[in-house]
Amino acid sequence: MWQEVKNQWQQGGMLIRLLLVNCGVFLIVTTLQLLATLGFGQSSPVDAASVLGLATTWMPDLLVRRPWTIVTHMFVHTGIWHLLMNMALLFWMGGLFVAHFGARRLLSTYIVGGLAGFVLYFTATNVFPGLQQGTYAYGASAAVMAILVAVATRDPDRRIGLILIGAVPLKYVALALILLDYFALSNGENTGGNLAHLGGALFGYVMVKQADQGRDLVGWFERMLDAITSAFKPREKSKLRVEKRPKRTSWSRKAKKDTRSSRVKSDADFNQEKKDRLARMDAILDKVSKHGYDNLTKEEKAFLFQASKKG
């Protein structure tokens, strides 16, 4: 049972980490801007407008000089209300997302959904000059919209309590936010943001629909993270582990051939067996979170029971 609790805590941990990263970046950016205002350090108008080099842009020549902003912009906020609105929605929808898709997919959907928002913003702004407004764009809204729409697509009839309105199906909440961004494109007040929101929302919907057809649109990002993690993971040196032979007795001499078979196991073999057990445990817990405990086989239930006793 404690393994289930531990798994749920780990899943919630990814959501907490995303919230903390956004809040941490906001604190750092705000502090640096305040210090610059007070005369400590140097800050040019360009640095201030681009949020200290973290905001992205629709201008190709400028983007080439700062390609990292394709990712960093989705963790940047400069206004407290901008931050609070995005983080409240991320916390609210992120918990529902993890319940349906798992914590690993929360991170990949956040990043790839934010990239989808950037792609629509960058493409539309360059194709249609009338949409060009300002130079820089930043914020987690596109990533959050991808998560919200993914949950609304998977569980459209889940009712959400809204102040002064009451319980409303989640699909209508998502639709209302999408329409607000669409209508806002005509007034030109936040064209880049509105385009990014729509891009993130479109990705969230397509991701779930494609997953139903067996196509994984974010798996490439998860595999890339695994490759990066394994590349920086220190390799363990293989050491021989020899089991001590028992003392010879009169009866053991007769069984000399048997005692010669003292096992020699390397640390690599030992660690591999442990890794296989943990991998199987993760697979079973993932199956429980997606399909329920009753859908486990007898062998899987027995394995889970034995693992919980050892823990």
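When you check Val46 against the structure, is it modelled with pLDDT under 80 and either more than 17 Å from the chain's Cα centre (by Cα) or part of a helix (DSSP H, G or I) (or both), yes or no? So Val46 fits the description; yes.
Somewhere in region 110-130, is a residue within 15 Å of the chain's Cα centre (by Cα), on the phi > 0 side of the Ramachandran plot and surrounded by fewer than 24 Cβ atoms within 10 Å (Cβ to Cβ)? There is no residue in region 110-130 that is within 15 Å of the chain's Cα centre (by Cα), on the phi > 0 side of the Ramachandran plot and surrounded by fewer than 24 Cβ atoms within 10 Å (Cβ to Cβ).
Under the condition of being over 30 Å from Gly24 (Cα atoms) and touching a residue at least 24 places away in the same chain (Cβ under 8 Å), the residues counted in region 143-169 number 4. What do you reckon, is Leu170 more than 15 Å from Ala140 (Cβ to Cβ), modelled with pLDDT under 95 and touching a strand residue (DSSP E or B) at 6+ places or on another chain (Cβ under 6 Å)? Judged against the criteria, Leu170 is a match.
Summed over region 67-77, residues that are crowded, with 17+ Cβ neighbours inside 10 Å and outside any helix (DSSP H, G or I) total 2.
Just to check your reading of the model, which residue among Leu217, Leu195 is surrounded by fewer than 19 Cβ atoms within 10 Å (Cβ to Cβ), within 30 Å of Val25 (Cβ to Cβ) and touching a residue at least 60 places away in the same chain (Cβ under 8 Å)? Residue meeting the stated conditions: Leu217. State yes or no: is Phe183 within 30 Å of Thr135 (Cβ to Cβ), modelled with pLDDT of 90 or more, loosely packed, with under 11 Cβ neighbours inside 10 Å and in the same structural domain as Tyr138 (by TED's automatic domain parsing)? Yes, satisfied.
Annotation note: of Ala116, Ala140, Ala55, Ala103, the sole residue that is within 27 Å of Leu225 (Cα to Cα), in contact with a strand residue (DSSP E or B) (Cβ under 9 Å, 6 or more places away or on another chain) and touching a residue at least 40 places away in the same chain (Cβ under 8 Å) is Ala55.
Test of understanding: among Phe128, Phe118, Phe122, Phe91, which residue is farther than 26 Å from Asn187 by Cβ and not aliphatic (A, V, I, L, M)?
Within the list Phe128, Phe118, Phe122, Phe91, the selection yields Phe91.
No other residue among Val151, Val168, Val144 is loosely packed, with under 15 Cβ neighbours inside 10 Å and in contact with a Leu (Cβ under 8 Å, 6 or more places away or on another chain) apart from Val168.
The values are calculated or read from the model by the stated rules, or taken from the named source; none is laboratory data. It should be emphasised that the depicted structure is a prediction, and the values quoted were computed from it without experimental measurement. Counting neighbours? That spans all protein chains shown, and the Cβs are built from the backbone with ideal geometry, glycine included.
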